[in-house]
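**Q** This is the structure I have questions about; it appears just below.
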Amino acid sequence: MSQWSEATQERAREIMARYPQKRSAVMPLLYLAMAEEGHLSDAGMEEVGRWVGITPAQVQAVATFYTMYKRKPTGKYLISCCTSISCMLLGGDDVLHAVEDESGVPHGETDPEGLVSVEHVECIGACGGAPALQVNYELVEGVTPDKARELVRWLGNARPEVVYGDEMQELFGGVRSFDWAIREENGAMGPYPAFQPLGTVGSEEKA
Amino acid sequence: MTTPLVVTKRMSEFPADSHTIDRYEATGGYEQARRALGMTRDQLVEEIKASGLLGRGGAAFPAGMKWSFLAPARPSFLVVNGDESEPGTFKDRQLLERDPHQMLEGVIITAIANEVHHAFVYIRGEYPKPARRVQAAVDEARARGYLGRGIFGSDYDLELTVHLGAGAYICGEETALINSLEGLRGEPRLKPPYFPAAKGLYMQPTIVNNVETMSNLPHILAMGSEEFTRIGHPDDTGTFLISVSGHVNRPGNYELPHGITWRHLIYEIAGGIPGDRELKAIIPGGASAPWFVPEIHLDDQITKDVCAEAGSMLGSGAVIVMDETTCMVRAAERIVRFFAHESCGQCTPCREGTTWMEMILRRIEEGQGRPIDLDLLLDVSDNISVGLNWPPKMTTICPLGPSAVSPILALRDYFRDEVQAHVELGGCPLELEKAAV
Ligand SMILES: Cc1cc2nc3c(=O)[nH]c(=O)nc-3n(C[C@H](O)[C@H](O)[C@H](O)COP(=O)(O)O)c2cc1C
Ligand code: SF4
Ligand code: FES
């Protein structure tokens with residue numbers, strides 16, 4: 001018997017139909033499990049195993065391989081600061097320290113309230129807009145330490161249900177890797193990538 | 001020298017809607033996919049072979065030749081590599097976000113040429129926006145009957161699944177990508193026997209090609225392979241996307257022909273170095289590539305062969321520019337840290353070696369280095385990449401381990417004094433200088 005909501009189960013069936021072999025659905029289903037609970041629990045991994053027909057140990061072996069499957073409770077906002085080479089050259093470390101200092105959360109941790117998690121990450125493919133960071137994998141490029149502090153304060157005050165990359169870029173970003181003329185009306189609802197088939201994408205009817 | 005834009009043409013001319021199917025079709029889109037349906041596998045493979053198109057994922061393998069190696073067993077599969085995670089690289093993201101239909105048309109052409117009825121686009125997990133763009137394009141194409149059952153009114157079926165990674169650079173390696181897509185840990189497989197074209201996804205013949213490679217295909221069919229070979233450099237046809245980052249005034253992706261010089265790229269195209277500071281080092285092809293220095297390489301041409309002769313590679317086309325304010329030990333540490341973090345752990349030299357190297361570099365950077373540390377670094381490096389040459393002798397299942405040695409080669413060849421100064425002064429000379437001012 002599934003512990004997942006009917007909506008999530010429906011989503012899981014749709015995802016499984018996209019692959020010729022069941023096991024290939026493990027990765028998207030792990031995201032679903034995260035979206036259901038906010039992080040990847042043991043129960044979530046067992047459930048995924050039942051769907052694709054592998055043991056919990058096999059699921060765990062996969063989940064532990066990838067950094068985006070968070071097995072510890074993660075904040076409503078996951079702030080990932082890039083400190084790889086191109087960002088490091090342009091002050092990525094200072095941005096990370098500003099985020100840690102303003103939020104009071106050292107990298108790899110979450111605040112007691114469960115609002116913010118901070119991590120430093122390797123290159124997120126935004127090196128032309130270095131230093132860059134992501135909030136729930138929505139990208140902000142050309143950040144400064146001061147702007148990063150503002151971003152942290154804004155998250156704490158506004159507490160948006162959905163975070164939009166374009167909006168954060170406008171408020172807190174600077175130089176971008178390349179021009180992007182259009183506003184995108186999709187955003188992230190939690191610390192997992194916002195993608196339609198995973199049902200983790202925010203409303204398209206943004207005011 | 002004016003070279004026409006190929007893969008970034010539409011997005012530069014129509015910045016507001018280059019990603020939509022209407023704009024795509026209004027600019028000749030999907031005509032080549034229709035045409036491909038009327039061509040045989042041999043005709044398509046020959047056309048791409050004749051174009052000289054090299055894979056744009058880093059290994060520069062001829063695309064047409066790869067297709068010709070596809071084993072006869074069926075079903076065959078196609079996996080597009082959109083895992084783009086090599087530090088410094090952000091070109092595929094631009095192609096995915098801004099012209100997803102161009103890539104999809106490439107997918108349809110490749111599928112037809114390789115008798116594929118189910119293709120996958122694997123996009124790194126940290127790229128949800130590109131993935132949303134591609135999914136939206138897939139939905140648009142499906143609605144018009146260009147994907148799914150009987151594409152373009154023919155009897156050819158083509159399914160397409162967009163798959164999201166979950167944070168592992170190694171999944172960009174094609175056999176790791178396949179494992180990941182099978183729902184396994186993203187660990188590279190041994191080649192031989194697991195060449196994707198023979199035993200790939202679900203042990204079936206599989207083509208793995210990069211996003212930029214795919215994006216070139218509609219243009220090759222449209223202009224003809226002969227015309228395509230006239231763009232760029234005779235050894236390296238067509239254009240290629242270079243991602244420039246680091247200490248330059250105008251970072252970004254530039255679509256260029258091979259054959260310009262590093263000087264031209266950095267000082268003209270990318271606008272030079274902020275504050276007119278001195279150039280110190282160039283990483284020519286992503287974090288995996290051995291570094292260049294201006295004294296020796298600045299006027300070298302940017303081609304695959306010139307780069308190889310100079311002991312490096314163009315790799316994924318990521319150029320990272322470092323000026324005189326950059327500590328080379330720190331830069332090396334950052335790159336080695338990346339490989340230590342991303343090692344899948346299957347091979348001892350890679351798993352243990354990268355971790356050791358990171359530790360030693362950090363200790364030198366922090367002023368705790370010992371006089372023997374550079375030799376120790378070279379010794380550890382030699383265990384991962386025997387003989388310390390480029391291209392490396394392989395002691396590991398995949399090239400990730402040996403790539404981690406690239407910055408160490410630079411320290412050995414060009415920045416030995418800087419390393420020694422760290423040890424003698426008990427810290428970074430650049431930092432100490434700054435503190436003294
Ligand atoms: C460690 C490692 C990481 C790689 N990462 C990528 C990548 O992110 N994207 C990519 O297209 N190719 C990557 N490659 C190259 C792929 O293995 C493969 O050669 C390529 O996708 C083939 O496509 P192409 O022939 O069109 O270039 C990587 C290779 C290695 C060894
Ligand atoms: S070289 Fe490193 S990353 Fe590649 S297979 Fe071996 S351990 Fe894994
Ligand atoms: S190095 Fe930070 S985004 Fe690439």
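**Q** Answer yes or no as to whether residue B:351 is within 11 Å of chain A (Cβ to nearest Cβ), open to solvent by 10 Å² or more (accessible area, probe 1.4 Å), charged (D, E, K, R) and part of a helix (DSSP H, G or I). It would help to see each step written out before you state the result.
**A** On the way: within 11 Å of chain A (Cβ to nearest Cβ): no; open to solvent by 10 Å² or more (accessible area, probe 1.4 Å): yes; charged (D, E, K, R): yes; part of a helix (DSSP H, G or I): yes.
So residue B:351 does not fit the description; no.
**Q** Please indicate, with yes or no, whether at least one residue in the stretch B:69-77 is of a type outside the set (D, E, K, R), on the phi > 0 side of the Ramachandran plot and surrounded by fewer than 22 Cβ atoms within 10 Å (Cβ to Cβ). Steps first, answer last, please.
**A** Keep residues of the stretch B:69-77 that are of a type outside the set (D, E, K, R), which gives B:69-73, B:75-77.
When the remaining residues are screened for being on the phi > 0 side of the Ramachandran plot, the result is none.
Within the stretch B:69-77 (the criterion being of a type outside the set (D, E, K, R), on the phi > 0 side of the Ramachandran plot and surrounded by fewer than 22 Cβ atoms within 10 Å (Cβ to Cβ)), the answer is no, since none of the residues qualifies.
**Q** So, in the stretch A:75-104, of the ones that are open to solvent by less than 30 Å² (accessible area, probe 1.4 Å) and assigned to a loop (DSSP other than H, G, I, E, B), which residue ends up nearest to ligand 1 (Cβ to nearest atom)?
**A** Filtering first and then ranking leaves A:84.
**Q** If we keep just the residues of the stretch A:117-126 that are open to solvent by less than 10 Å² (accessible area, probe 1.4 Å) and more than 9 Å from chain B (Cβ to nearest Cβ), which is nearest to residue B:358 (Cα to Cα)?
**A** To start, the set of residues in the stretch A:117-126 that are open to solvent by less than 10 Å² (accessible area, probe 1.4 Å) comprises A:117-118, A:123-126.
Filter again for more than 9 Å from chain B (Cβ to nearest Cβ), leaving A:117-118.
On the way: A:117: 26, A:118: 23 Å.
So the residue we want is A:118.
**Q** Oh, and also: How many of the residues making up the stretch B:307-332 are buried (at least 19 other Cβ atoms within 10 Å of the Cβ) and without any contact (Cβ under 8 Å) to a residue 60 or more places away in the chain?
**A** 1
**Q** Still on this structure: Just to be sure before I move on: is residue B:256 assigned to a strand (DSSP E or B), surrounded by fewer than 22 Cβ atoms within 10 Å (Cβ to Cβ) and touching a residue at least 40 places away in the same chain (Cβ under 8 Å) in the structure I sent? Steps first, answer last, please.
**A** Working: assigned to a strand (DSSP E or B): yes; surrounded by fewer than 22 Cβ atoms within 10 Å (Cβ to Cβ): yes; touching a residue at least 40 places away in the same chain (Cβ under 8 Å): yes.
Yes, satisfied.
**Q** Going through the stretch B:173-204 one residue at a time, which ones are in contact with a Phe, Trp or Tyr (Cβ under 7 Å, 6 or more places away or on another chain), more than 16 Å from ligand 2 (Cβ to nearest atom) and more than 14 Å from every other protein chain (Cβ to nearest Cβ)?
**A** The one that is in contact with a Phe, Trp or Tyr (Cβ under 7 Å, 6 or more places away or on another chain), more than 16 Å from ligand 2 (Cβ to nearest atom) and more than 14 Å from every other protein chain (Cβ to nearest Cβ): B:197.
**Q** Going through the stretch B:395-437 one residue at a time, which ones are open to solvent by less than 30 Å² (accessible area, probe 1.4 Å), of a type outside the set (A, V, I, L, M) and in a loop (DSSP other than H, G, I, E, B)?
**A** Listed by number, the residues that qualify are B:396, B:398, B:415, B:427, B:428.
**Q** Of everything in the stretch A:134-162 that's more than 11 Å from chain B (Cβ to nearest Cβ) and assigned to a strand (DSSP E or B), which residue is surrounded by the fewest Cβ atoms within 10 Å (Cβ to Cβ)? Lay out the reasoning, then the answer.
**A** Here is the first cut: in the stretch A:134-162, the residues more than 11 Å from chain B (Cβ to nearest Cβ) are A:135, A:140, A:143-162.
After this cut, where a residue has to be assigned to a strand (DSSP E or B) as well, the list is A:135, A:140.
Values: A:135: 25, A:140: 29.
Within the stretch A:134-162, the match that is surrounded by the fewest Cβ atoms within 10 Å (Cβ to Cβ) is A:135.
**Q** Taking the stated definitions as given, is residue B:234 open to solvent by 30 Å² or more (accessible area, probe 1.4 Å), more than 14 Å from every other protein chain (Cβ to nearest Cβ) and under 25 Å from residue B:255 (Cα atoms)?
**A** Details: open to solvent by 30 Å² or more (accessible area, probe 1.4 Å): yes; more than 14 Å from every other protein chain (Cβ to nearest Cβ): yes; under 25 Å from residue B:255 (Cα atoms): yes.
Judged against the criteria, residue B:234 is a match.
**Q** To continue, here is another question. For the structure I just gave you, tell me whether residue A:129 is open to solvent by less than 10 Å² (accessible area, probe 1.4 Å), over 15 Å from the mean Cα position of the chain (by Cα) and within 12 Å of another protein chain (Cβ to nearest Cβ). Full working, then the answer.
**A** On the way: open to solvent by less than 10 Å² (accessible area, probe 1.4 Å): yes; over 15 Å from the mean Cα position of the chain (by Cα): yes; within 12 Å of another protein chain (Cβ to nearest Cβ): yes.
Here the answer is yes, as residue A:129 does meet what is asked.
**Q** Just one of (1) open to solvent by 30 Å² or more (accessible area, probe 1.4 Å); (2) within 16 Å of ligand 1 (Cβ to nearest atom) trips up residue A:110, so point out which.
**A** So the condition that residue A:110 fails would be (2).
**Q** Anything in the stretch B:119-142 that is surrounded by fewer than 20 Cβ atoms within 10 Å (Cβ to Cβ) and either modelled with pLDDT under 95 or facing chain A (nearest Cβ under 9 Å) (or both)? List them, or say none.
**A** Within the stretch B:119-142, B:136, B:139 meet the criteria.
**Q** Please determine whether any residue of the stretch A:26-36 is open to solvent by 20 Å² or more (accessible area, probe 1.4 Å), in a helix (DSSP H, G or I), of a type in the set (Gly, Ala, Ser) and more than 27 Å from residue B:160 (Cα to Cα).
**A** Here is the first cut: in the stretch A:26-36, the residues open to solvent by 20 Å² or more (accessible area, probe 1.4 Å) are A:35-36.
From the residues that got through so far, the ones that are in a helix (DSSP H, G or I) too are A:35-36.
Narrowing the set further to residues that are of a type in the set (Gly, Ala, Ser) leaves A:35.
Within this subset, residues satisfying the condition of being more than 27 Å from residue B:160 (Cα to Cα) are none.
Taking every residue of the stretch A:26-36 in turn, none turns out to be open to solvent by 20 Å² or more (accessible area, probe 1.4 Å), in a helix (DSSP H, G or I), of a type in the set (Gly, Ala, Ser) and more than 27 Å from residue B:160 (Cα to Cα).
**Q** Here is a further query. Quick check on this structure: which one of B:368, B:346 is modelled with pLDDT of 95 or more, within 14 Å of another protein chain (Cβ to nearest Cβ) and either open to solvent by 10 Å² or more (accessible area, probe 1.4 Å) or part of a helix (DSSP H, G or I) (or both)? Let's see the steps before the verdict.
**A** On the way: B:368 fails: within 14 Å of another protein chain (Cβ to nearest Cβ).
None of the others qualify; the one that does is B:346.
**Q** Any idea which of B:16, B:50 is buried (at least 16 other Cβ atoms within 10 Å of the Cβ) and aliphatic (A, V, I, L, M)? I'd like the intermediate steps shown before the answer.
**A** Values: B:16 fails: buried (at least 16 other Cβ atoms within 10 Å of the Cβ).
Result of the check over B:16, B:50: B:50.
**Q** I'm trying to understand the selection: among the residues of the stretch A:140-167, which are more than 9 Å from ligand 3 (Cβ to nearest atom) and over 16 Å from residue A:102 (Cβ atoms)?
**A** From the stretch A:140-167, those more than 9 Å from ligand 3 (Cβ to nearest atom) are A:140, A:142-167; that's our starting set.
Result: A:142, A:160, A:161, A:162, A:163, A:164, A:165, A:166, A:167.
**Q** Pairs needed: first member in the stretch A:166-177, without any contact (Cβ under 8 Å) to a residue 40 or more places away in the chain; second member anywhere, open to solvent by less than 50 Å² (accessible area, probe 1.4 Å) and assigned to a loop (DSSP other than H, G, I, E, B); C-beta distance under 6 Å; at least 6 residues apart or different chains.
**A** That search, which allows pairs on different chains as well, returns A:166/A:184.
**Q** Let me ask something else. Taking the stretch B:143-199 as the region of interest, how many residues are within 20 Å of residue A:15 (Cα to Cα), open to solvent by 30 Å² or more (accessible area, probe 1.4 Å) and either within 16 Å of ligand 3 (Cβ to nearest atom) or not in a loop (DSSP other than H, G, I, E, B) (or both)?
**A** Residues flagged as within 20 Å of residue A:15 (Cα to Cα), open to solvent by 30 Å² or more (accessible area, probe 1.4 Å) and either within 16 Å of ligand 3 (Cβ to nearest atom) or not in a loop (DSSP other than H, G, I, E, B) (or both) within the stretch B:143-199 amount to 2.
**Q** Quickly run through the stretch B:15-43 and pick out the residues that are modelled with pLDDT under 95 and of a type in the set (A, V, I, L, M, F, W, C).
**A** Within the stretch B:15-43, B:16 is the sole residue that qualifies.
**Q** Now a separate question. Could you check residue A:39 against (1) more than 10 Å from every other protein chain (Cβ to nearest Cβ); (2) in contact with a Gly (Cβ under 6 Å, 6 or more places away or on another chain); (3) open to solvent by 10 Å² or more (accessible area, probe 1.4 Å); (4) outside any helix (DSSP H, G or I) and say which number it fails?
**A** (2)
**Q** Please state which one of B:242, B:207 is away from chain A (no Cβ under 14 Å), open to solvent by less than 10 Å² (accessible area, probe 1.4 Å), assigned to a strand (DSSP E or B) and at pLDDT 95 or above. Even if it seems obvious, please write down each step before you answer.
**A** Working: B:242 fails: away from chain A (no Cβ under 14 Å).
After ruling out the rest, the residue left standing is B:207.
The values are calculated or read from the model by the stated rules, or taken from the named source; none is laboratory data. None of these values were measured; they are calculated from a predicted model. Positions of Cβ are generated from backbone atoms using ideal geometry, with glycine treated the same way; all protein chains shown enter the neighbour counts. With ligands, DNA and RNA removed, areas are computed over all heavy atoms of the protein, side chains included. Shrake-Rupley method; radii C 1.70, N 1.55, O 1.52, S 1.80 Å.
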